[in-house]
1. Name the long-range amide H neighbours of L85: under 5 Å, sequence gap of 5 or more, or other chain; modelled H, no Pro or chain starts.
2. If you roll a 1.4 Å probe over the heavy atoms of the protein chains, what accessible area per residue do you get for the range 76-115, in Å²?
3. If I ignore ligands, DNA and RNA and count only protein heavy atoms, how much of W102 is accessible to a 1.4 Å probe, in Å² to the nearest 10?
4. How much net charge surrounds C95 when only other residues with a Cβ under 15 Å from its Cβ are counted (Lys, Arg +1; Asp, Glu -1)?
5. State the number of lysine pairs found in the chain whose Cα atoms come within less than 25 Å, restricting to pairs 8 or more positions apart or on distinct chains.
6. Of all the accessible heavy-atom surface of the chain, with the other protein chains kept in place and a 1.4 Å probe, what percent is carbon and sulfur?
7. Can you give the accessible area of Y94 in Å² (nearest 10), computed on protein heavy atoms with a 1.4 Å probe?
8. Using a Förster radius of 22 Å, what is the FRET efficiency between Q98 and K13 based on their Cβ-Cβ separation? Nearest 0.05, please.
Amino acid sequence: QVQLVESGGGLVKTGGSLRLSCAASGSPVSFNIMAWYRQVPEKQRELVASTSTGGRTDYVDSVKGRFTISRDNAKNTVYLQMDSLKPEDTAVYYCNAQTTMWIYWGQGTQVTVSP
């Protein structure tokens, strides 16, 4: 049974940085895609960034140039380096991992950016 465990969220001031980590445990699977989503109350979950096993990365326009997604395939871990944070980045961030057959979610970690 695969579990995704996130860490690294917290409270930071505008312009600050945080690094989120998401480690997969429980089963030695290889994920085609690993990604980060975020959600604020009463809004749909939004894809923030994704990375594939081939090395392709994609970002939502609002974080381009500020966030960097990376992964360590040997550790089945994905990271999200968030720089120049803005109050509008405040959300619960969710880790997502996909195989050809399954989609997995982490429990979420709160990121709060104060003005």
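1. For L85, whose amide H was placed from the backbone, the distant partners under 5 Å are G15, G16.
2. Values: 1870 Å² over 40 residues.
That works out to 47 Å² for each residue.
3. Ignoring ligands and nucleic acids, W102 comes out at about 150 Å².
4. Values: positive: R19, R38, R45, R71, K75; negative: E6, E46, D72.
That sum, taken over residues with Cβ under 15 Å, equals +2.
5. Numbers: K13/K43; K13/K64; K13/K86; K43/K64; K43/K86; K64/K86.
Lysine pair count for the chain: 6.
6. Working: 3220 of 6330 Å².
The computed percentage sits at 51.
7. In the full protein context, Y94 sits at about 40 Å².
8. Numbers: r = 34 Å, r/R0 = 1.53.
Between Q98 and K13 the formula returns 0.05.
The values are calculated or read from the model by the stated rules, or taken from the named source; none is laboratory data. Predicted model, so just to flag it, every value in this text is computed and none were measured. Methodologically, a virtual Cβ is constructed for each residue, glycine included, from the backbone with ideal geometry; neighbour enumeration extends over all protein chains shown. Each accessible area value is taken on the protein alone, full model and side chains, heavy atoms only, with ligands, DNA and RNA left out. Shrake-Rupley method; radii C 1.70, N 1.55, O 1.52, S 1.80 Å.
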